[in-house]
Amino acid sequence: MINLLKLLLPYWRRILVGFGVLLVVDVGQLIIPQFIRRAVDSLYVGEVGDVPRWAALIVAVALVFSFLRFFWRYFFIGTSRLLEKNLRSRLYEHTLRLDPFLFQRMKTGDVMALFTNDLRAINMALGMGMVAIADFLIYTTFSIIAMFLISPSLTATVMVPLPLIGVVMFFLGRLIYHKFREVQDFFGFLTEWLRDILSGIRVVKAYDTEFRLVGRYSEISGEFLKLNLQFAIIDGLFHPAISTLAYVSLALLLLVGGKMTTVGDISLGDYVAFSSYIGMMIWPMIALGWFANLVQRGSASYERIKEYLSIEPAVREGGDPLNGFDNLEVKGLVVVLGDRAVLKGVDMYVERGEFVGITGPTGSGKSTLLNTLVRFYTPHSGKVLINGTDYMRLDVNSLRSVVLLVPQETFVFSMSIAENLRVAKPDATDEELWWALEMAGLAEDVRAMPDGLNTMIGERGVGLSGGQRQRLALARAFLSGAQLILLDEALSALDSKTEERVVSRLRELGKTVVLASHRLTSIARTDRIYVLVGGKTVEEGRHETLLRSGKVYPILWKAHMEGIGSRKGA
């Protein structure tokens, strides 16, 4: 709880002002029972003429302090919203700094739960929770003082149930914390499961699994309902327990205070005022329980967020800037993922303006090599030199502005074509966007679309074919300022003519291209080919030279050509 409340420290001025306004409002409301007391005593002795004056004062005080309620809401609730916004921005910035492959192990639903339910729980704890505890402190303190001034002995009697509230809060509060965390964890699983199904909806329909998945979703929802009901039982016990103890105080007032009134120890007005103060204390007692409940939820959510924020980014920011590209040299590169060495000794050299190919059997490490070159993976040993400088010393943002990876899995955002392109260049004009589409061979397709550049392409580009998605990704590469373009099977959906045209245009622009592909007809046109087997460089040279080597490349070429022949025969 302390860690959660520390979040408010940067906003202490706003909280202090809000507390001051709430203090004025609550103290003002505590004056009202005194007016009632005077009015009742005036009626009791027959001074009816004084009653309208007390009634007018009650209405005036109520109106003034109703107006002031806006301001404490502004400072308390406004601060919690501001804190939520800042914490959300912090989460978002941290997410962008994390290793992209971390999210292959971490469920997207869990991350989404942090941004939704967990932030909402913290907002409630530090917004309405603070109001609740402030109300409790102010109302309870001043009510007890006012009652003590009327009758110390009666005050001591009606306060007997209060210590029991602490006992209830301690035991039920711990249960609420742990159960709410269970609910939040399961909510992350449910969100991830649903996101996965929606992303793969075409596969679901293709295999006719809708009804089976409806049954599975019903089971998961049932589990979520069960956890929420368990939480609701504990939560449901919390408030009635606090309320019951509060009403016990009212019952004690009736038993003891009623007798004191009849024997003249206190006046009828005193009894009515006492009753009003007890009534006013019922809400603070409930508010105390509500505060404890909200804080337990908020604490559970904040612990989840802290665990996420404690994940260290794989790549540290900062370093020397990279200004342009002259050459790339890879020496004895070893990359270990988990407990397995994926690259075990890769050597490669790329000069500015070259078109270099990388090939090899499935699992030979081609994608891992390209991902390592943009520092998505960190080398275990060996060196990657760019312009003769160890790239571990270079600023990663600067590196990625010069070296661009177009990944194997073509990803487009659920936005318009123009917005997808402006990922590469936010200030690009429409003319520049059309130029990039022309270079990638997609311009005619986009012109045929109803809204042109403003065409919305749907979830993950569902409105585009595989080839169109790939050409859109290539158009982003044309639009970027990168000088070394790494293509990881990024031409696989293009026909040979379009592929040749795209590569030629990239080279005409002065860009250096490295293509990793199984399609050897594409690799054959490169200036130099590197063959990887088992995470090692086993051959390098031009296509014609490698065909005469009698090693791995001729075998791969023969298998590739036979595969093309069999497809044509089919």
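Every number in this text was worked out from the coordinates using simple rules, so none of it is lab data. Since the structure is predicted, the reported quantities are computational estimates derived from the model, not experimental observations. FYI the Cβ positions are ideal-geometry reconstructions off the backbone, even for glycines, and counts take in every protein chain you see.
Filter the GluC sites (Glu not before Pro) in the stretch 47-135 to those in DSSP coil with at most 13 other Cβ atoms within 10 Å of their Cβ, and list the result. In loop regions of the stretch 47-135 (DSSP not H, G, I, E or B), the sparsely surrounded GluC sites (Glu not before Pro) are E47. Using 0.36 nm times the number of residues separating Y247 and E444, minus their current alpha carbon distance, what extension gain do you get? Length difference between fully extended and current span is 63.3 nm.
With contacts taken as Cα pairs under 8 Å and at least 6 residues apart, the chain reaches a relative contact order of 15 percent. Within the straight-line cut-off of under 13 Å between alpha carbons, the aspartates and glutamates reachable from K511 are D326, E351, E354, sequence neighbours fewer than 8 places apart in one chain being disregarded.
Given R₀ = 60 Å, what would the calculated FRET efficiency be for I311 paired with R53, taking r from the Cβ atoms and rounding to 0.05? Please list the in-between numbers first.
Working: r = 66 Å, r/R0 = 1.10.
It comes out at approximately 0.35.
In this label model, T116 and E182 are separated by 2.2 nm, measuring between points 7 Å along each Cα→Cβ vector.
Distance cut-off 24 Å, Cα to Cα: go down the list K536/K558; K107/K306; K497/K536 and report the pairs above it.
Numbers: K536/K558 21 Å; K107/K306 17 Å; K497/K536 31 Å.
As for pairs spanning more than 24 Å Cα to Cα, those are K497/K536.
Site pair S549 and E432 shows an inter-label distance of 4.1 nm when each label is modelled 7 Å from Cα along Cα→Cβ. Once the chain from D320 to N397 is taken as fully extended at 0.36 nm per residue, the excess over their C-alpha distance is 26.7 nm. Taking Rg/Rh (Cα atoms, Kirkwood Rh) straight from the coordinates, which label in (i) 0.96; (ii) 1.00; (iii) 1.18 is the correct one? Computing Rg/Rh (Cα atoms, Kirkwood Rh) and matching it to (i) 0.96; (ii) 1.00; (iii) 1.18 gives (iii). Here the calculated FRET efficiency for L8 and E303, from their Cβ-Cβ distance with R0 = 22 Å, stands at 0.85, rounded to the nearest 0.05.
Express the Stokes-Einstein translational diffusion coefficient of the stretch 327-569 in µm² s⁻¹, to the nearest whole number, given a Kirkwood radius over alpha-carbon pairs, 37 °C and a viscosity of 0.692 mPa s. Walk me through the numbers before you get to the answer.
Details: Rh = 18.7 Å.
Using the Kirkwood radius from Cα pairs, D works out to 175 µm²/s.
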